[in-house]
1. Can you pull out the strands (runs of 3 or more DSSP E) entirely within region A:257-303 that have at least 2 residues that are within 28 Å of the chain's Cα centre (by Cα), within 14 Å of another protein chain (Cβ to nearest Cβ) and surrounded by 15 or more Cβ atoms within 10 Å (Cβ to Cβ)?
2. Can you tell me which of (1) surrounded by 20 or more Cβ atoms within 10 Å (Cβ to Cβ); (2) under 22 Å from residue A:508 (Cα atoms); (3) within 13 Å of the chain's Cα centre (by Cα) is the one residue A:381 doesn't meet?
3. Considering each residue of region A:11-50, count those that are modelled with pLDDT under 75 and assigned to a helix (DSSP H, G or I), and give that number.
4. Answer yes if at least one residue in region B:175-195 is closer than 27 Å to residue B:269 by Cβ, at pLDDT below 95, within 12 Å of another protein chain (Cβ to nearest Cβ) and part of a helix (DSSP H, G or I), and no otherwise.
5. Only residues in region A:273-298 that are at positive phi count as the first member; pair them with residues that are surrounded by 15 or more Cβ atoms within 10 Å (Cβ to Cβ) and at pLDDT below 95, Cβ under 6 angstrom, at least 6 apart or cross-chain, and list the lot.
6. Would you call residue A:188 surrounded by fewer than 22 Cβ atoms within 10 Å (Cβ to Cβ) and touching a residue at least 60 places away in the same chain (Cβ under 8 Å)?
7. Test each condition in (1) surrounded by 21 or more Cβ atoms within 10 Å (Cβ to Cβ); (2) in contact with a helix residue (DSSP H, G or I) (Cβ under 9 Å, 6 or more places away or on another chain); (3) within 23 Å of residue B:67 (Cα to Cα) for residue B:122 and report the one that comes out false.
8. What's the total number of residues in region B:204-223 that are in contact with a strand residue (DSSP E or B) (Cβ under 8 Å, 6 or more places away or on another chain) and not in a strand (DSSP E or B)?
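The values are calculated or read from the model by the stated rules, or taken from the named source; none is laboratory data. Note that this is a predicted model, so its numbers are computed, not measured. Quick reminder, even Gly has a Cβ in these numbers, built from the backbone with ideal geometry, and neighbours come from all protein chains shown.
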């Protein structure tokens, strides 16, 4: 067994060998951190000065242990973790033996830190799952195994710990191992190896145990050294473009890390999601040009012709291109503190591409503890859902099982910038690529000119009773008198028709705003000046609404009336009902209103007459909406194309 | 002995590719990135990778050295040579207020000196140049709180790290979104060990400061550490004598706070050989790390690299 010092020749030999990246996970008190600490100790990787600190800390924290060491202190790094005796975040450890180098991610077991466990699992090839021999398989064991499988780990080592506390009983071990093999198979883990261990004393960790002669397999360290964890590599050549290198006029290269297959000079490639093709002219690296390069290498590719390729595009084998779509089904692990709301826009990052995306529907959520499929309208922290995603543009992708780089993505919240989900792509939906934009000859500009106006969307937001509809109504009357073609899209009125099926939950509010924005967009396309009056409490959805429109076509008007004033007015008696608990999810009372951070127009309505505010707003609009009347036809320069 | 299936890339190739990928993500995603340059071996590797990542173009970001004014003279000479190469801009920042106050590791102690001349100085420089991404050479194998840190590590507008709510990080898909005033620290060498760094320096023939190689140097023994008397500001304490001993350094920092090790390793091969046999950790020689066990976590929360 390789313990203690490693000679230099062994070091350079291990350098040529492949690294094993694995994680350890287990339930609270299973002894995971202890096992890992012991593994490092047995591999001879605890330097003397760290050992001295460990001895000191063991005595300080555990007087009852006497001279024994608490190996878990080697791995729990944060103050809070040492105080609470739990693992909160992944800790990475590096060790090597004569035969192999290892990176181990020590993952937290608590359900509330699932996102941190998933972080560790995303870059691992193998998982060591720990169970306490006295407790057997627990809910957490099932959850950890499920998360491992979800993130693509196909090989698990089950370590049944604390065998000394069950009298080294083989029957106990066998029962747990058998049960686990069935469970792992259910969850898609291709390969399971089991072994009995005692972490604090290192039995079957770094050396074989003399108390469990009935077990004749390798100890944990031997097993990790010898296991073949080669991950099947994707065959087809793929490289997401990270950076376009143009140091001078003579050089143009596409830098990136190859994430599938192999590429050779002369190969024909396609730049996706587009259809431009070229041949590879050079494969440039700082150590000299290469004839060919393969998955995992960071290179710069030069093509034989000038193409319009940029960061986020995928360079792929021309004969075997990646699928391209703007809708797909996927598993989502939700990690946001706020719930996932279908139809809300998030930034999706896949490879090096970022695109606005939304969950169009949640097919079901998966109970991470039982894997039961449940109906869901939203996802909460640490929940897994099977969802349909829709994106603003088509992307080149692969299924996660085929190519984790082009099939794994993250979602970023556009307000907080938090990473709120990781997703594992399953397959694309055919319908998206079959629905195309139909070209029409008469466009927005032409339609607007025939009405003598520039179309515009005026979006009034504010609390219920703030005066949005009153002001919008006055503005519309004034514009109408002046001969403009307008429409007032009122939030309340819309709920009698197109949004009849929606209530006031956060999910329904998101969908309510989305539909109103789409309708307003159609009306602007028809050449109208649209006044939208709707509470629209969320910044995220107001931003999504704005993004539907061209620059200068959308004006956010914040009707800023203090809550007390709205409540005092209470024209519809709604605040009284909400205070009495008769109406739920009422904005300002038991549902949030997110104030605009930089509205185009900020109307302070307190102490001002609605007429006065409407007049101010109208004056401001007039300069922008007037356009020369053009009633002849669409035969102008702009529309001739 | 089992025969392994032929591997196309070695362990060092994989580490190099991962680091290059990280450099490119930073350059492509941030407005004002910078590479923190501390002149040590990790910085030498970092600079080498920076050049490789953007070859044949020049590195698209400057280097920043936060000079505490107490670095070894050989370090400063080495830095100036790097700057003279001309392919990359080297910015040097000194906390002039600290200099006026006469802050010194010898009279104010390691903690005050580090707070004022390193942590505060770094924050001043990041604010001055409005850097939104700062690349550093820290490795996870160095220290326990580093072992917990993400590769793209978010900092709020006050440069603080919140270890309890780090952004989850998946595959090599990094979240680079921040608001104005916020920043990230990025660690391309996260997955490298000290041994990997030396093996790579050897393989790529990367220049490092000569202080890493053993030779007779003037040192005093102080609290179990060998401190080098590098210039005439060195304050000799009663009953200390300067002796010539054959020593080298495993890490480099401010000379009064950096312990040497007795060694005869004067070539890269000998250093690697010595390290493979070593039973002590790399940061043992650093006086600032000898505080209570979790002190690095505290320093990092306050903005230290």
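1. Once the strands (runs of 3 or more DSSP E) in region A:257-303 are filtered for at least 2 residues that are within 28 Å of the chain's Cα centre (by Cα), within 14 Å of another protein chain (Cβ to nearest Cβ) and surrounded by 15 or more Cβ atoms within 10 Å (Cβ to Cβ), what remains is A:298-303.
2. Going through (1) surrounded by 20 or more Cβ atoms within 10 Å (Cβ to Cβ); (2) under 22 Å from residue A:508 (Cα atoms); (3) within 13 Å of the chain's Cα centre (by Cα) one by one, residue A:381 breaks only (1).
3. Of the residues in that region, 6 qualify.
4. Yes.
5. Short answer, once both residue conditions are applied: A:296/B:9.
6. On the way: surrounded by fewer than 22 Cβ atoms within 10 Å (Cβ to Cβ): yes; touching a residue at least 60 places away in the same chain (Cβ under 8 Å): no.
Considered against the rule, which asks whether it is surrounded by fewer than 22 Cβ atoms within 10 Å (Cβ to Cβ) and touching a residue at least 60 places away in the same chain (Cβ under 8 Å), residue A:188 comes out as no.
7. (2)
8. Residues that pass the stated criteria total 4.
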